[in-house]
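First comes the structure, then the notes that go with it.
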Amino acid sequence: MGEVVLAAKVTHVPSMFISEMPGDHEGCRQPAIDGLREIGKRTRALGATSVVVFDTHWLVNSGYHINCNKHHQGLYTSSEFPHFIRDLEYDYPGEAALGQAIADIATADGVLTRAHTDIPSLGLEYGTLVPLHYMQASPELKVVVVAGWCYDADFDESRIVGQAVRQAIERSDEKVVVLASGSLSHRIWDNRSVEQGLFKISRPFNEAVDHLVLDMWQTARTKEFLEILPDYAKYCNGEGGMHDTAMLFSVLGWDQYKGHAEILTEYFPSSGTGQCNVVFPL
């Protein structure tokens, strides 16, 4: 019987790359990098065989989509931030059976979900690549990606997909890490201010709500958080509509989850958005 061995909400801010470059910003994102490295360390210590990523940088239509190619290999440059992420090589095995099982269960439960097992040109997005890069993921770790942003989907559909992920994992022989890759609030600075706003939040309101949410997670107020999630996503510009977070909490047990979150990377603003690395004990 398979199991979820680690679950986390993780950052994928591109500024981690400039943090490693000589210059004025060298070291600026070291806490974020260290948090992802700790998740990678725990992943290896737990003997994880696969990772499922809810990627908010994969926007889809016509149902939910899963990239469970047998092999993921490519050279990635971000079309959004080519000055931050360029020529990033990746080479990971996939896990077609797990991805297909997720799609089959979700579809049977009323949410159309498509698994893609053999489209070599369907590459990975940076919501997946950046965390895996800084986690220093083992080349044997099998990667399955669930699109974290299904246009016009609602949270109940994402709850069903997250539930399908949990059921598929438990029916497999895999030891799986589940990552929700996305920010907290996500109001990026306008174009005139973006260069000056690298280390600042764009709206004090968003920062206040971000801290409230982190407190809810740390104090196991899961039901209360899920009640405000739709408004949080709407009024604080949730990345990908925060569907990654909805799917993560569904994997955890939805409103029955009682765990106290562990903050690995303290809250930090990045280009107007709110970021952190958080592990949810199982």
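Worth a mention:
- Restricted to region 184-200, and to residues there that are charged (D, E, K, R) and loosely packed, with under 13 Cβ neighbours inside 10 Å, the residue that is nearest to GLY240 (Cα to Cα) is ASP190.
Residues checked against (1) charged (D, E, K, R); (2) under 18 Å from ILE160 (Cβ atoms):
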residue	(1), (2)
LEU179	no, no
ARG203	yes, no
THR245	no, yes
GLY253	no, yes
TYR267	no, no
VAL279	no, no
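- From the options LEU248, LEU226, residue that is touching a helix residue (DSSP H, G or I) at 6+ places or on another chain (Cβ under 8 Å) and closer than 21 Å to ALA168 by Cβ: LEU248
- So GLY240, is it part of a strand (DSSP E or B), within 18 Å of the chain's Cα centre (by Cα) and buried (at least 22 other Cβ atoms within 10 Å of the Cβ): no
- Flag for HIS25 being outside any helix (DSSP H, G or I), in contact (Cβ under 8 Å) with a residue 60 or more places away in the chain and either hydrophobic (A, V, I, L, M, F, W, C) or crowded, with 18+ Cβ neighbours inside 10 Å (or both): no
- Matching residues in region 99-113 - criterion: being of a type outside the set (Gly, Ala, Ser) and out of contact with any helix residue (DSSP H, G or I) (no Cβ under 6 Å at 6 or more places or on another chain): GLN100, ASP104, THR107, LEU112
- Strands (runs of 3 or more DSSP E) completely within region 29-99 that count 1 or more residues being touching a residue at least 12 places away in the same chain (Cβ under 8 Å), of a type in the set (Gly, Ala, Ser) and over 30 Å from GLU262 (Cβ atoms): 71-76
- Pairs, first in a strand (DSSP E or B) in region 175-203, second among the charged types (D, E, K, R), C-beta under 7 Å, six or more apart: LYS175/GLU3; ALA180/LYS9; ALA180/ASP244; SER181/ASP55; SER181/ASP244; ILE201/GLU207
- Unique residue being more than 30 Å from ARG44 (Cβ to Cβ), in contact (Cβ under 8 Å) with a residue 60 or more places away in the chain, among the hydrophobic types (A, V, I, L, M, F, W, C) and outside any loop (DSSP other than H, G, I, E, B) when the list is LEU229, LEU264: LEU229
- Selection within region 22-66: residues that are among the acidic types (Asp, Glu) and modelled with pLDDT of 95 or more. The member of this set that is farthest from LEU198 (Cα to Cα) is GLU38.
- Residue within region 105-113 that is farther than 29 Å from PHE17 by Cβ, among the hydrophobic types (A, V, I, L, M, F, W, C), modelled with pLDDT of 95 or more and touching a strand residue (DSSP E or B) at 6+ places or on another chain (Cβ under 6 Å) present: yes
- Selection from region 135-154 of residues that are of a type outside the set (D, E, K, R) and assigned to a loop (DSSP other than H, G, I, E, B): GLN136, ALA137, SER138, PRO139, LEU141, TYR151, ALA153
- Residue match in region 254-263 (condition: crowded, with 16+ Cβ neighbours inside 10 Å, among the aliphatic types (A, V, I, L, M) and in contact with a Gly (Cβ under 9 Å, 6 or more places away or on another chain)): no
- In the set ARG221, ARG171, ARG166, ARG203, only one residue is more than 29 Å from GLU89 (Cα to Cα) and buried (at least 21 other Cβ atoms within 10 Å of the Cβ); that residue is ARG166.
The values are calculated or read from the model by the stated rules, or taken from the named source; none is laboratory data. None of the values given here were measured: they were computed from a predicted structure. Glycine gets a Cβ as well: all are built from the backbone with ideal geometry, and neighbour counts include every protein chain shown.
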